[in-house]
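The values are calculated or read from the model by the stated rules, or taken from the named source; none is laboratory data. Since this is a predicted model, take the numbers as computed values, not measurements. Glycine gets a Cβ as well: all are built from the backbone with ideal geometry, and neighbour counts include every protein chain shown. Calculation scope for accessible area: heavy atoms of the full protein, side chains included, ligands and nucleic acids excluded. Shrake-Rupley method; radii C 1.70, N 1.55, O 1.52, S 1.80 Å.
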Amino acid sequence: MAAKKLQKIISQGLQDVLTQRLNDTQTAYDGEALKWTGETEFSFTPTQDKTVLAAGNDPAWGVIKGLVMGDFELKLYEMPLEEMNQLFSVKYSVVDGVCVGDDDCETPIIGLSLNNKVKSEVSGKTSYNKTILYKAVCDLPAVSLKTIAEGDTAVVNVSVKGKAYPVFFPRADGSQEARTYCIVNSINNAEKYKANEDEIVFPTEFTADAAATSSGGTTQTPDSET
């Protein structure tokens, strides 16, 4: 049988960065999602500890996997001072501005999603891949300032660094599942992409009967997870 030839996909850019706070029980997202502007670059490096089990003459007879976590970095040109407490462990007031290190500085735990535009050279169609980190904690940003010299048009970036962790949700069979991130396409995974377009949807998995019960008899379409 001939090998399947994959279509050529070209990635064209980062856009539509959303964040939304996890609630206290870490079972849903609270309030309105925030859309950040001035995004320039994003990187995420997932890690997963693995233990390879040997048996007999097979050195890789089985594998035990740990939870998936990872480090991320998002670069922005700048952000409003009054919104910094949406990402960082700081507090803001019109009197004091941004203050860091006080005992009552809360550490936001957020969901984070980002789009990148992709184009298929075969079909000519343009779509969006959305990367969703379900639980993220940001480090305090470094302060970087620069004097502009003659002929210098350089712009200082704000680097948002942090760590992504898994969230936990029940499967339809009653077991608990951990999920750290998903990537969905606006055409191939249209239903889930649309649900997460302007907010971040916490992972769920319901049977049709459970969905009907939770909605008072009308079957709901769940956040489709794979």
Condition met for Val90 (touching a helix residue (DSSP H, G or I) at 6+ places or on another chain (Cβ under 7 Å), open to solvent by 20 Å² or more (accessible area, probe 1.4 Å) and hydrophobic (A, V, I, L, M, F, W, C)) | no
With Ala195, Ala172 as the choices, which residue is modelled with pLDDT of 95 or more and farther than 26 Å from Asp49 by Cα?
-> Ala195
Do we find that Phe169 is touching a residue at least 40 places away in the same chain (Cβ under 8 Å) and touching a Pro at 6+ places or on another chain (Cβ under 9 Å) in this structure?
-> yes
Taking the range 59-68 and keeping only residues that are open to solvent by 70 Å² or more (accessible area, probe 1.4 Å) and either among the aliphatic types (A, V, I, L, M) or in contact (Cβ under 8 Å) with a residue 40 or more places away in the chain (or both), one is left with Val63, Ile64, Leu67
When every residue in the range 32-58 that is touching a strand residue (DSSP E or B) at 6+ places or on another chain (Cβ under 7 Å) and more than 25 Å from Arg21 (Cα to Cα) is compared, the one least open to solvent (accessible area, probe 1.4 Å) is Ala55
Residue that is most open to solvent (accessible area, probe 1.4 Å), among those in the range 9-30 that are within 28 Å of Glu106 (Cβ to Cβ) and polar (S, T, N, Q) = Thr25
Between a first residue in the range 70-98 that is without any contact (Cβ under 8 Å) to a residue 24 or more places away in the chain and a second residue that is open to solvent by 80 Å² or more (accessible area, probe 1.4 Å) and of a type in the set (A, V, I, L, M, F, W, C), which pairs have beta carbons less than 6 Å apart while being 6 or more apart in sequence or on different chains?
-> Val98/Leu81
Val118: farther than 18 Å from Leu18 by Cα, at pLDDT below 95 and buried (at least 18 other Cβ atoms within 10 Å of the Cβ), yes or no?
-> yes
In this structure, is Glu106 of a type in the set (D, E, K, R) and within 25 Å of Ala142 (Cα to Cα)?
-> yes
